[in-house]
Amino acid sequence: LNASMTIDPAFRIAPVHRRTFGSFVEHLGRSVYTGIFEPDHPTADPDGFRTDVLDLVRELGVSTVRYPGGNFVSGYRWEDSVGPRAQRPTRLDLAWQAVETNEFGLDEFMRWAHKAGVEPMMAVNLGTRGLAEAVNLLEYCTYPGGTHLSDLRIAHGATDPYHIPIWCLGNEMDGPWQIGHKTALEYGRLAAETGRAMRILRPDLELVACGSSHHGMPTFGAWERTVLEETYDVVDYISLHAYYEEHDGDLPSFLATATDMDAFIDEVVATADSVGARLGHNKRIQLSFDEWNVWYREPERPGATVPAPQPGERWPQAPRQLEDHYHLADAVVVGNLLMSLLRHSDRVTAACQAQLVNVIAPIVTEPGGRAWKQTIFHPFAAMSANAAGDVLRVEPVSPTRHTDRYGAVPVVDAVATVDEESGALALFLVNRAVDEAVRVDTTLRGLDAVEVSSCVSLYATDGDVYATNTADDPERVSLRPNTDVHLTANGLGVELPPVSWTMV
Ligand code: AHR
């Protein structure tokens with residue numbers, strides 16, 4: 001197959017936002033306990049944080065981490081999670097039917113975020129709680145001192161206020177599974193009043209209203225419209241969540257998943273702008289894609305979930321939940337999803353891959369044992385390290401292939417960034433064809449290609465697109481040098497293997 005494209009720095013979309021490379025730590029399964037926090041682990045530091053995991057988080061290039069949920073936040077009592085450990089109550093977590101010991105809480109997370117070098121993104125509970133608790137939490141975290149709650153933080157060892165620039169007003173409040181699920185109007189009013197009160201204390205906050213939990217929600221569109229009608233002047237962002245998986249062995253559709261993300265984003269932008277136009281606002285609402293990933297919902301997959309506890313049974317603490325093992329094709333899709341986010345950098349200015357460790361995550365740990373990289377680690381780390389400067393629009397001229405879910409879809413997708421400071425161009429490409437390689441010819445305009453400093457691909461070296469990484473073979477799926485790349489008279493040519501993700 002052949003495809004072509006033109007790259008021109010004049011086709012600028014927006015700056016690369018570091019927040020595109022956010023992630024998510026929820027009190028769910030082994031994300032926190034035996035994930036980022038395991039005091040008895042041989043690599044644990046004096047705070048009980050696994051330093052092998054901290055190293056991998058830094059290598060992944062995560063910018064922002066959302067906390068503490070997720071569905072968990074809708075039953076969260078933040079006060080339980082601070083102060084002397086021995087006095088912290090053990091609680092039931094209704095969202096995940098588990099027991100929360102609160103051994104790791106808000107102050108530990110802030111210390112961990114500091115060590116990991118990530119910006120915290122905090123979610124408040126608008127499921128079982130409301131305005132007062134959200135403002136109290138904000139006071140605890142950000143007020144300098146001299147009040148009950150700020151002095152409590154100081155007494156707990158954090159003299160300086162925490163720097164938490166971005167806050168989520170609840171989580172997935174459109175979902176019937178959410179504890180304290182609400183109608184759009186109920187939620188919109190609560191989010192608006194909570195946001196207004198929070199802004200009295202901290203006018204500088206960036207606030208995120210809950211959008212739809214996925215593109216296919218029956219309330220999608222209407223939910224965003226109503227919520228934004230209530231909150232438009234208070235919030236900066238509307239959120240989007242999306243999880244994708246391969247259904248019934250339909251690999252071609254799965255590989256075309258990013259087309260759904262593209263459409264979802266475009267439709268939320270259109271909805272938000274229509275509300276803005278009707279309300280006569282110049283302000284443009286930004287999009288926070290603060291949960292996205294591949295997630296297999298099939299309970300029979302190994303590690304996917306534990307059976308629901310029976311009535312009367314005790315609930316487990318930090319059970320194995322949502323521990324998906326990712327394969328090569330998942331990594332190609334994840335790379336393509338990040339390309340979609342990047343291409344929408346004019347409106348998607350925050351995003352969080354869900355999640356970071358063990359739970360649908362790029363990093364896996366064994367309790368007391370090793371930590372390693374899942375396949376999906378690689379495109380994320382490569383893009384976070386190399387996407388810099390401005391995002392450029394690239395419109396590949398590509399053959400298409402039929403997919404059952406999305407109709408005819410271009411085989412090649414691409415996006416580029418150019419960094420004027422370093423002079424580096426980064427081109428990200430995906431080949432969605434199941435068994436055909438594609439040669440891509442790129443014309444470079446307004447750019448002098450001096451050399452190709454690196455070209456790497458994620459592809460099935462042994463032909464197995466379902467290959468995974470394991471503790472014993474952690475590098476089976478990784479980025480490999482792609483030597484089928486060369487400068488041409490007016491650009492460059494590169495060969496993309498079937499089912500592959502490439503960075504030039
Ligand atoms: O990331 C796992 C869960 O997915 C989150 O808790 C929830 O917000 C979403 O439904």
Original post:
Taking neighbour counts of Cβ atoms within 10 Å as a proxy for exposure, in what order, fewest first, do Y326, Y459, Y143 appear?
Top reply: Y143, Y459, Y326
Subject >> For R111, net neighbour charge (Lys/Arg +1, Asp/Glu -1) across residues whose Cβ lies under 14 Å away >> reply: -2
Subject >> Between region 342-362 and region 437-500, the alpha-carbon center distance in angstrom >> reply: 23
Subject >> Cα gyration tensor shape of region 107-181, rounded if a/c is under 1.5, else prolate or oblate by comparing a/b with b/c >> reply: oblate
Subject >> Pairs of Cα atoms farther than 38 Å apart, the chain, % >> reply: 25
Subject >> Local net charge near E26, Cβ-Cβ under 14 Å (Lys/Arg +1, Asp/Glu -1) >> reply: -4
**OP:** Return the aspartates and glutamates within reach of K115: Cα separation strictly under 14 angstrom, same-chain partners fewer than 8 residues apart disregarded; answer none if there are no such residues.
**Re:** D45, D47, D52, D55, E59, D107
Subject >> Amide proton proximity set for A44, modelled H, under 5 Å, gap of 5+ >> reply: T51
**OP:** Give the peptides 341-353, 431-443 in descending order of average Cβ contacts within 10 Å, highest first.
**Re:** 341-353, 431-443
**OP:** Hey, can you grab everything whose amide H is under 5 Å from the amide H of C352? Only 5+ residues off in sequence or another chain; H modelled, so Pro and N-termini drop out.
**Re:** F289, D290, E291, W292
Original post:
Remind me, relative contact order of the chain in percent, using alpha carbon pairs under 8 angstrom and six or more residues apart?
Top reply: 20
Original post:
Say R0 is 51 Å: what FRET efficiency, to the nearest 0.05, do T483 and A277 get from their beta-carbon distance?
Top reply: 0.50
Subject >> Cα-based Rg of region 206-362 normalised by 2.2 N^0.38 Å, two decimals >> reply: 1.18
Subject >> Per-residue ³J(HN,Hα) for region 278-291, Karplus 6.51 cos²θ - 1.76 cosθ + 1.60, θ = phi - 60°, Hz, x for Gly and Pro >> reply: 5, 7, x, 8, 7, 4, 10, 6, 8, 10, 10, 7, 8, 8
Original post:
Expressed as a whole number of Å, what is the distance separating the alpha-carbon centroids of region 55-83 and region 366-428?
Top reply: 26
Original post:
In whole Å, what are the Cα extents of region 363-456 along the three principal axes, biggest one first?
Top reply: 53, 43, 20
**OP:** Report the calculated FRET efficiency for A437 and E395 (r = Cβ-Cβ distance, R0 = 22 Å), to the nearest 0.05.
**Re:** 0.55
Original post:
Roughly how compact is region 392-503, stated as its Cα Rg over 2.2 N^0.38 Å to two decimals?
Top reply: 1.16
Subject >> At R0 = 56 Å, FRET efficiency that the Cβ-Cβ distance of D266 and D47 yields, to 0.05 >> reply: 0.85
Original post:
Taking N as the number of residues in region 272-400, what is its alpha-carbon radius of gyration divided by 2.2 N^0.38 Å?
Top reply: 1.38
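Computed from the coordinates by the stated procedures, all read-outs in this text should not be read as laboratory data. Here the structure is a predicted model, which means the values were calculated and not measured. Virtual Cβ from ideal backbone geometry, glycine too; neighbours counted across all protein chains shown.
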